[in-house]
Amino acid sequence: MVITTNIIVIYAVVASIISSTMIERKESPNFAASASQSLRSSEMAGHKVAHATLKGPSVVKEIIIGAVLGLAAGGLWKMHHWNEQRKVRTFYDLLEKGEISVVAEE
């Protein structure tokens, strides 16, 4: 259950990063018609030109992403470690009770 939650959190973070860093293209629907007409002195031509906006890397976002990925990887490692520790503890408990033996029977 914890692994599924971590995967969902990682997926959500990656999806938000991808959607926020995609290039947004703004273009006027009447671009060709308005470009051929002469501009009045009170109009600005800036809104009629197609612009591609791309933001640079955000330091805060990078830190948050690193922390989330680090916690997710650390959680997976700890779960693996606890599972191995449980197996070793079970082995030694069974060995101490005499239910298993490390000496091969002949």
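The values are calculated or read from the model by the stated rules, or taken from the named source; none is laboratory data. Note that this is a predicted model, so its numbers are computed, not measured. Keep in mind that these areas ignore ligands, DNA and RNA; they rest on the heavy atoms of the full protein, side chains included. Shrake-Rupley method; radii C 1.70, N 1.55, O 1.52, S 1.80 Å.
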Verdict on Ser19 being part of a helix (DSSP H, G or I), open to solvent by less than 100 Å² (accessible area, probe 1.4 Å) and modelled with pLDDT under 65:
yes
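For (1) modelled with pLDDT of 85 or more; (2) open to solvent by 100 Å² or more (accessible area, probe 1.4 Å), each residue gets a yes or a no:
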site: Met44; (1), (2): no, yes
site: Ala52; (1), (2): no, no
site: Ser58; (1), (2): yes, no
site: Lys61; (1), (2): yes, no
site: Met79; (1), (2): yes, no
site: Arg89; (1), (2): yes, yes
site: Leu95; (1), (2): yes, no
